[in-house]
Amino acid sequence: MVAILIAAGFLAASLQTMVVATVFRVKAQEKQVASQLIQEEIENLNSIAINLPSTTSNCLATSYSNGYAQALWNAYNLSTSYQATPNKQLINNEEGKRLGLRRINQSASSIVPHKVLRIRYEVREFDGTDFAGDLDDPNDPNIIATDYIEVMPNAAFQCP
């Protein structure tokens, strides 16, 4: 009788370990998909930054709205890989969970001459109409992955 109880205990423990391992595997896959989505967006942004045309007015910008950072942000939002309104892009992972990517422009407090675009990315669960969680909380547990990037267009290096 004791042997049966010991065997049952080991069986229960091993099954519980398998469940925990599966949960960790699913979370890791989710983070990998989210990181891949962010990486694709960063590559798209870099290609846009390389090809952004040079203009004298952007070189001499006195406000953020006239600088290269805003010009790059505008070109980025017009790119085909992103739906600018609303601020989300959808993907479905293998488990059927819908994920959305948020781009958050953090360049508004930039300094003259406003050449560096600062973006924070968040990948969150998406329920079909809105993101899960508190969008104003950078520590929200519904955030699957985040990244922060600063990009300066090549054209900005041609400024005097």
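The values are calculated or read from the model by the stated rules, or taken from the named source; none is laboratory data. None of the values given here were measured: they were computed from a predicted structure. A quick note on method: Cβ atoms are made from the backbone with ideal geometry, for glycine too, and the neighbour counts reach across all protein chains shown.
Just checking, does the range 30-40 include any residue being over 18 Å from ARG102 (Cα atoms) and surrounded by 10 or more Cβ atoms within 10 Å (Cβ to Cβ)? Show your work before the answer.
Taking the range 30-40 and keeping what is over 18 Å from ARG102 (Cα atoms), we get none.
Taking every residue of the range 30-40 in turn, none turns out to be over 18 Å from ARG102 (Cα atoms) and surrounded by 10 or more Cβ atoms within 10 Å (Cβ to Cβ).
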| For the range 36-56, what are the residues that are polar (S, T, N, Q) and touching a helix residue (DSSP H, G or I) at 6+ places or on another chain (Cβ under 9 Å)? | ASN44, ASN51, SER54, THR55
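Take ALA21 and decide whether it is touching a Leu at 6+ places or on another chain (Cβ under 9 Å) and free of Cβ contacts under 8 Å to residues at least 40 places away in the same chain. Break it down stepwise before answering.
Numbers: touching a Leu at 6+ places or on another chain (Cβ under 9 Å): no; free of Cβ contacts under 8 Å to residues at least 40 places away in the same chain: yes.
Here the answer is no, as ALA21 does not meet what is asked.
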| Among the residues of the range 141-160, which ones are at pLDDT 85 or above and not in a helix (DSSP H, G or I)? | ILE143, ILE144, ALA145, THR146, ASP147, TYR148, ILE149, GLU150, VAL151, MET152, PRO153
